[in-house]
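Here's the structure, in structure tokens; my notes come after.
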Amino acid sequence: MPRAKKALGQNFLTDGRVVGKITAAAEIYSDDTILEVGPGRGILTRALASKAGKVITVEIDEQLIPSLYEKFSDHTNVEIVQGDARAISIDKLIPAEDRYKVVANLPYYAASPIVRRFLEADHKPTLMVVMVQREVGLDMTAKPGKMGILSVATQVYGNPRIITSVPPRSFRPSPKVTSAVVKIDLYDKPLVPFMSPDGFFELVRAGFSAPRKQIHNNLRHRLNTNPDVIGELLAQAKIDPKRRAQTLSITEWGTLYELSIPLLDQ
Ligand code: SAM
């Protein structure tokens, strides 16, 4: 068995109860297609394969692939793919019209980009159940007052909840941090009706560019517009210009976005 690679976030689950909580949260039916990221040594893959119609599992580490083939040689419903979940084409794995769920114990180093990749994809999953560092889980589920870019990026697409916290002793090797299992039920359509997410996230990034500064300052500098235009925009959106980006709700970001469209490069 190859040694665990820290750089690839290889903290393997060893606690069967946590595996049970992840699969229960995913509400798996026998006709479900599951896309797993990072099967590692296959503990979660095996549990998923016992419930789902099909499991497609994408592992970046070539050295883990032969033992995964061996472990699942008698499972006709498991497809093992070597690749990087941040770059792989979802439509090459799952036909565009098929529904699927993402279930994964994610590598810490790439958890946010992998979650965002699936949320922002044209072909989105209906549900995601992911293990992430607890702070990342708190960020995804934060309420106005404590929101960050990841909170907006998650909540515009779905309703995230923390299912359980998971201590370091549930993994080998043990990570230094506590983890959390987060379940995201995706909406049929994003809460903000943008044509493409690029302009919306340009605005959100501008709002959060200096998180301690008031929103009117950040928008003015990043959108390169004069203070009167930004003042008028915020007044129309009924947002106090002295507020900070972390206090805005998704609905307020949506209103601000609609009014800002002429100022954004999209
Ligand atoms: N699912 C296994 C478990 O629960 O024990 C392993 C989870 S471990 C936290 C993360 C896994 O993701 C590792 O097997 C690692 O090699 C793999 N991985 C890391 N980066 C990846 C990426 N960009 N794309 C796909 N897999 C990745």
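The values are calculated or read from the model by the stated rules, or taken from the named source; none is laboratory data. If you're wondering where the values come from, they're calculated on a predicted model, not measured in any experiment. Positions of Cβ are generated from backbone atoms using ideal geometry, with glycine treated the same way; all protein chains shown enter the neighbour counts. For accessibility, only protein heavy atoms count, side chains too; no ligands or nucleic acids. Shrake-Rupley method; radii C 1.70, N 1.55, O 1.52, S 1.80 Å.
Below are the figures for this structure:
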| item | result |
| --- | --- |
| Unit charges at the beta carbon, dipole of segment 100-238: most positive-side option, N217, I149, I230 | I149 |
| Extension reserve of the R169-S89 stretch, reckoned as 0.36 nm per residue once the Cα distance is removed | 25.4 nm |
| Relative contact order for the chain, counting Cα pairs under 8 Å that sit 6 or more residues apart, in percent | 16 |
| Solvent-accessible heavy-atom area per residue, rounded to whole Å², over the chain at 1.4 Å | 50 |
| Carbon and sulfur %, accessible surface of segment 197-264 computed with the full protein complex present, 1.4 Å | 48 |
| Overall form of segment 23-140 per C-alpha gyration tensor (a/c, 1.5; a/b vs b/c) | rounded |
| Selection from S73, V130, A85 lying farthest towards where the dipole of segment 20-132 points positive, charges on Cβ | V130 |
| Assigned charges on the beta-carbon of Lys, Arg, Asp, Glu; the chain dipole about Cα centre (debye) | 1340 |
| Charge dipole (debye, nearest 20) of segment 88-235; +1 at Cβ of Lys and Arg, -1 at Cβ of Asp and Glu | 780 |
| For segment 197-264, alpha-carbon Rg and Dmax in angstrom | 10.2, 26 |
| Residue pairs, from the table K183/K242; K6/K213; K124/K176; K51/K124, whose Cα atoms sit over 30 Å apart | K183/K242; K6/K213; K124/K176 |
| Accessible heavy-atom area order of H216, H123, highest first, probe of 1.4 Å | H216, H123 |
| Of all accessible heavy-atom area on segment 6-186, the percent that carbon and sulfur account for (1.4 Å) | 50 |
| Bridge type composition, the chain - antiparallel percent by DSSP, nearest 5 | 50 |
| Solvent accessible area, Å² - E27, 1.4 Å probe, full protein context | 90 |
| Nearest 10 degrees, 0 to 90: helix 16-25 Cα axis against the chain principal axis | 50 |
| Relative contact order (%) - segment 1-140, alpha-carbon pairs under 8 angstrom, separation at least six | 25 |
| Cβ-defined net charge surrounding E62, 12 Å radius [Lys, Arg +1; Asp, Glu -1] | -2 |
